[in-house]
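Below you'll find the structure, written out as structure tokens, and then a few comments.
The values are calculated or read from the model by the stated rules, or taken from the named source; none is laboratory data. Quick caveat, the model's predicted, so the values are computed rather than measured. As a convention, Cβ positions derive from the backbone with ideal geometry for all residues, glycine included, and neighbour counts pool all protein chains shown.
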Amino acid sequence: MKSNGADYSQCATGSGGGCMPPLPVLAARRALRVCTGSQQQAARGTQHPHGLTLIEVMITMAIFVVLAGFTIMAVREVVTSWSVGERRRVVFEKAAGCVDVMADDIRLALTQEPPGATDIKAKFIGDYDPATRQQRLMFVRSFESGPERAITFTAGDGIDNNSMLKPQSSDGTSVSPPVSSTKSDSEDFTGLKVGDFRALGGMAMVGYFVQNQNLYRVIHAPVPDSMSSQLKPGNAQILATDVLYLGFEYWSQVTDQWDEPPARSKLNGPEKMWDSTRAISVGALRNFRFHRGTDSAFDTEDDIFPQKVRITLTVDSTMPRCVYTKITDEMGPTEIGKLNVDSTKGFADGGDESSYLLIENEWLHYKSKTSEYFVIDRRGARGTNSTGHKADSVVRTGRSFRRVIYLPNYREDPTIAGPTAAQITASDQEWRARRDAQLGSNKKKRTAP
């Protein structure tokens, strides 16, 4: 065997061990192996890695969409729960604060004048505002007095309010303030400002009314001659905003239950108005169950005061955070039945004392609802007027709260033997006979309500 002119046959058949190829041959073989390995590695390096198919991409996207949807739903549920809780907190705090203040005032209502008083000022009047037709309440309560004479309640401190402070230039010196001033003890207490007040007489007039969905409280001392003239926003403090309704009901000596009795029932419900003097003959008070006439104005012995007062307060959150909707069709002033709206979500199911709707200035009562409409069964509820409403008018409901307040010093008429009209009339005739027999006696002066 020859290679490159050399004979290797003897190396293959020799007995003494093999014969090694020459070095150039070995080097060539080694170089061939290295070249072949490098080419294989280069070939493997140029291959593309395995990627995602279109189906895999679509499945991944679908999973992400589902997860995102669940996340959005969870976040929305949390936000909705927080909004409902926050709205409920605001409403409950607002209602509790207002009802507590009214309850404290009503419990301190005076039914008798303090000893030594020369005028009859103790009154308890609940009527309707002639402009808004909403209920209002006026009465006289006991009130902290200043340095006054305990018997006459007519003396103040006699010192000007400004005279109680020494001027800065008099620091370190003895300066006696004047003991009299033309400005001293000249202002009435209204709770709206700091002043040098008159003798307050140990009592104050308090009034509550709602105007433009604001609840106002009026306090005035000494008690003014006319309480109704003080019920103005300029004379009052705002207790709360977004007050949709304020109602009062009075438990008399002939009341049997708070709920309105059915027709032809022998039971008597609460009174919707009250006149402790039984003499006011103007407005709705002339229809007061125990009304006697103007000649009862100067007789304090026949004055009556309710045993209990039930307050109904409907408050709401500020728009648009409150529960509301809009009507989709125009509504006539006498229409009842189906009332189409955008949505009824958040409203009561209907048929109870919380099932009221406020559209503009009219209250409506509904007996049931669906997701798209209410079934109206009463128009002009809560003493309001039934009027027409245009499409897209806002519908609100609010949340109603009630509390019954007891008057410790309530007064009844002992001459009324029973709840019937004939028995009340007989009591009036007896009173008139007694009054005619006492015409010559001295009477105290009663101020106007």
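Applying the criterion of being hydroxyl-bearing (Ser, Thr, Tyr) and surrounded by 12 or more Cβ atoms within 10 Å (Cβ to Cβ) to the residues of region 61-120, the residue that is modelled with the lowest pLDDT is 83.
Filtered by the rule that a residue be at pLDDT 90 or above, more than 21 Å from residue 100 (Cβ to Cβ) and crowded, with 18+ Cβ neighbours inside 10 Å, region 304-344 gives 304, 305, 324, 325, 327, 331, 339, 341, 344. Close contacts from region 373-388, counting a first residue that is not assigned by TED's automatic domain parsing to the domain that holds residue 248 and among the basic types (Lys, Arg) and a second that is part of a loop (DSSP other than H, G, I, E, B) and surrounded by fewer than 19 Cβ atoms within 10 Å (Cβ to Cβ), with Cβ to Cβ under 8 Å and a gap of 6+ residues or different chains, come to 378/336; 379/333; 379/334; 379/335; 379/336; 379/386. Residue selection: residue 144 fails the criterion of being buried (at least 19 other Cβ atoms within 10 Å of the Cβ) and either under 26 Å from residue 403 (Cα atoms) or at pLDDT below 85 (or both). Of the residues making up region 276-298, those that are among the aliphatic types (A, V, I, L, M) and assigned to a loop (DSSP other than H, G, I, E, B) are 279, 280, 282, 297. Name the single residue, out of those in region 103-141 being of a type in the set (A, V, I, L, M, F, W, C) and in contact with a Phe, Trp or Tyr (Cβ under 6 Å, 6 or more places away or on another chain), that is nearest to residue 321 (Cα to Cα). So, considering only residues that are of a type in the set (A, V, I, L, M, F, W, C) and in contact with a Phe, Trp or Tyr (Cβ under 6 Å, 6 or more places away or on another chain), the one nearest to residue 321 (Cα to Cα) is 137. Does residue 258 meet the test of being buried (at least 19 other Cβ atoms within 10 Å of the Cβ), assigned by TED's automatic domain parsing to the domain that holds residue 244 and hydrophobic (A, V, I, L, M, F, W, C)? In short, no.
For the subset of region 312-341 comprising residues that are part of a loop (DSSP other than H, G, I, E, B) and polar (S, T, N, Q), which member is nearest to residue 398 (Cα to Cα)? Here the answer is 317. Among residues of region 289-317 that are over 20 Å from residue 277 (Cβ atoms), those with a beta-carbon under 7 Å from a residue that is part of a loop (DSSP other than H, G, I, E, B) and aromatic (Phe, Trp, Tyr) at least six positions away or on a different chain give the pairs 310/258.
One residue is enough: does region 265-275 have a residue meeting the conditions farther than 25 Å from residue 382 by Cα, part of a loop (DSSP other than H, G, I, E, B) and modelled with pLDDT of 85 or more? No, there is no match, as no residue in region 265-275 is farther than 25 Å from residue 382 by Cα, part of a loop (DSSP other than H, G, I, E, B) and modelled with pLDDT of 85 or more. Residue 308 meets each of the listed conditions (1) under 30 Å from residue 141 (Cα atoms); (2) outside the structural domain of residue 270 (by TED's automatic domain parsing) apart from (2).
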